[in-house]
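My structure is below; once you've seen it, I'll send some questions.
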Amino acid sequence: QEIMVGYSDSSKDGGIFASNYNLHTAIGQLVALGQELGIEFILFHGRGGGVSRGGGSLEDALLNAPLFSAQSTLKLTEQGEMISTRYLNNTSALNNLSSIMGALLKKSLYDEKGVSKNPINPSTQALMQHLSAISYQTYRQLYTMQGFLEYFKQATPIAFIQELNLGSRPAKRRESTQLEDLRAIPWVFAWTQNRSILPAWYGVGSALKSVDLKDLQACYNEGGFFKVVVDNIAQVLLKVDLDIAKQYHAFASNVPNAKNIWTHIESEFHTSLERILQIRQENALLEKEDLVREGILFRTPYTNALNCLQIELIKVFKHNPKDQIKLAIQSTLIGIAQGLRNTG
């Protein structure tokens, strides 16, 4: 029996940590159910490129997945610009496929021997449940805040994204004024474009702040699920630029409650950043991963320039809505996505 594991909408509706934890738990429960019923489940992972849509290191995610969850089979989606990033030429395609095959072989061997690489013990389980609950509450507080939908429409280039010829489905499930009916891909794409990349970290800071730092560091050093999630969030935080995001925020200045919404976003970001650095015991994000850090920082000035251009073009379009200007804005959308990567 094939079962789809959907990362995108769960993260959009409940936040990054609650989504990751509850899906991890659900996979373990499915494995137990399959064993009880004598049915073999093949899990189809609907992963996107963005961390908030199941992205990040596939090898780390697979090796730290629940015991018996692979059964020598891995099925997943590859979409967005990640296809060209990973498979555009023979060398990158071979490296990517080799990495996936290596991870699957390791995972299959662990499962065959009944050995979990980093099992979650009862005390860690309780900690993860607590973090999940707090992060969910914090995320939903923002998600359901007065004026948040209108703020999202104004403070991100979602209007231009919805007209892009991307994907096989419309941006909304149906015409409505509810956030729940907006598909996860444009949701993540829009927040990525304004450089807040909010879905990949919001709620995490408040959750981590509610737990003793030494407990979090001990849990991180054990490896496993928690370390994978923290490392993925650390990588995203390096791509966030609140100075640029604030310029997009200016587009929503007339939205009721906009100032309060921005205050929450800004505060939660600094809390998340502080706590992630403390847990990873770093003075700067990814300082222990030079290649990854340098790769992101190398592209950052070019991405920043595209963001500045996009902002100015949107200003012009508001006063002179010509198709030529809209086309230029859409070109910057693609360029920023390519520069940041992990957005599709």
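Evaluate 2.2 N^0.38 Å with N set to the residue count of the range 283-344, then give the Cα radius of gyration divided by it.
Relative to the rule-of-thumb radius for its length, the range 283-344 sits at 1.42.
Also: Would you kindly calculate the mean projected area, averaged across all directions, of the convex hull enclosing the Cα atoms of the range 1-120, in square nanometres?
Details: hull surface 29.7 nm².
Result: 7.4 nm².
Provide, as a two-decimal number, the C-alpha radius of gyration of the range 238-344 over 2.2 N^0.38 Å, N being how many residues it has.
Numbers: Rg = 16.5 Å, N = 107, 2.2 N^0.38 = 13.0 Å.
So the range 238-344 has a normalised radius of gyration of 1.27.
Defining a contact as two alpha carbons under 8 Å apart and six or more residues distant in sequence, what relative contact order in percent does the chain show?
Reported relative contact order: 22 percent.
For helix 90-113, report the angle its Cα long axis makes with the longest principal axis of the Cα atoms of the chain; keep it between 0 and 90° and round to the nearest 10°.
Roughly 40 degrees, rounded to the nearest 10.
Pull out the extension gain between E163 and E78, defined as 0.36 nm times the separation in residues minus the alpha carbon to alpha carbon distance; nm, one decimal.
Working it through step by step, the gained length comes to 28.4 nm.
Between S116 and L94, how many nm apart are label points set 7 Å from Cα along the C-beta direction?
Simple spin-label model gives 3.8 nm for this pair.
Let me ask something else. Number of Lys pairs in the range 92-241 with C-alpha atoms less than 28 angstrom apart, excluding same-chain neighbours closer than eight positions?
Final tally of qualifying lysine pairs is 16.
Now a separate question. Need the list of aspartates and glutamates near K246 for cross-linking: C-alpha distance under 15 angstrom, and skip anything on the same chain fewer than eight residues off.
In chain and number order, the partners are E266, E268, E312.
Mind pulling the angle between the C-alpha long axis of helix 184-193 and the longest principal axis of the chain? Nearest 10 degrees, somewhere in 0 to 90.
In the chain, helix 184-193 runs at an angle near 60 degrees to the longest axis.
Report the equivalent ellipsoid semi-axes for the chain in whole Å, largest first, defined as the square roots of five times the eigenvalues of the gyration tensor built from alpha carbon atoms.
Square roots of five times the eigenvalues give 33, 23, 20 Å.
Give the whole-number value, in cubic angstrom per residue, of the convex hull volume spanned by the C-alpha atoms of the range 59-132.
Hull volume normalised by residue count: 105 Å³.
If you don't mind, there's one more thing I want to ask. Which order do you get for E36, E222, E282 if you rank them by accessible area with a 1.4 Å probe, largest at the top? Could the numbers behind the result be given before it?
Numbers: E36 145, E222 100, E282 15 Å².
Ranked from most to least accessible, the order is E36, E222, E282.
So, in nm, how far is label E40 from label N22 when the simple model puts each one 7 Å beyond its Cα toward the Cβ?
3.1 nm
Right, here's the next one. Can you tell me the 0 to 90 degree angle between the C-alpha axis of helix 16-37 and the longest principal axis of the chain, rounded to 10?
Helix 16-37 sits at roughly 30 degrees to that axis.
Could you provide, to the nearest whole Å², the per residue accessible area of the range 182-339 with probe 1.4 Å?
44 Å²
Taking a 1.4 Å probe, which of M145, M128, M101 shows the most accessible area, and what order do the others take after it?
M101, M145, M128
How many percent of the accessible area of the chain is carbon or sulfur, using a 1.4 Å probe?
About 54 percent, which is the carbon plus sulfur part of the accessible surface.
Here's another thing I want to ask about it. Once ligands and nucleic acids are excluded and a 1.4 Å probe is used, how much of L306 is accessible, expressed in Å² to the nearest 10?
Around 50 Å² of this residue is reachable by solvent.
Excluding the sites themselves, what is the longest stretch of the chain that contains no trypsin sites (Lys or Arg not before Pro) in a DSSP loop with at most 16 other C-beta atoms within 10 Å?
Counting at most 16 other Cβ atoms within 10 Å as exposed, the longest clean stretch of the chain is 1-116.
How large is log10 I(q)/I(0) at q = 0.10 Å⁻¹ when the Debye formula is applied to the Cα atoms of the range 160-299, each weighted equally and without solvent?
-0.42
In addition: Of L216, Y21, A250, whose Cα points farthest to the positive end of the dipole of the chain (charges on the beta-carbon: +1 Lys, Arg; -1 Asp, Glu; origin at the Cα centre)?
Farthest towards the positive pole: A250.
If the range 55-100 were replaced by its equivalent ellipsoid, with semi-axes equal to the square roots of 5 times the Cα gyration tensor eigenvalues, what would those be, largest first, whole Å?
22, 11, 9
The values are calculated or read from the model by the stated rules, or taken from the named source; none is laboratory data. Nothing here was measured: the structure is a model prediction, and the numbers come from that model. Cβ sites come from the backbone with ideal geometry, for glycine too, and all protein chains shown count toward neighbours. Calculation scope for accessible area: heavy atoms of the full protein, side chains included, ligands and nucleic acids excluded. Shrake-Rupley method; radii C 1.70, N 1.55, O 1.52, S 1.80 Å.
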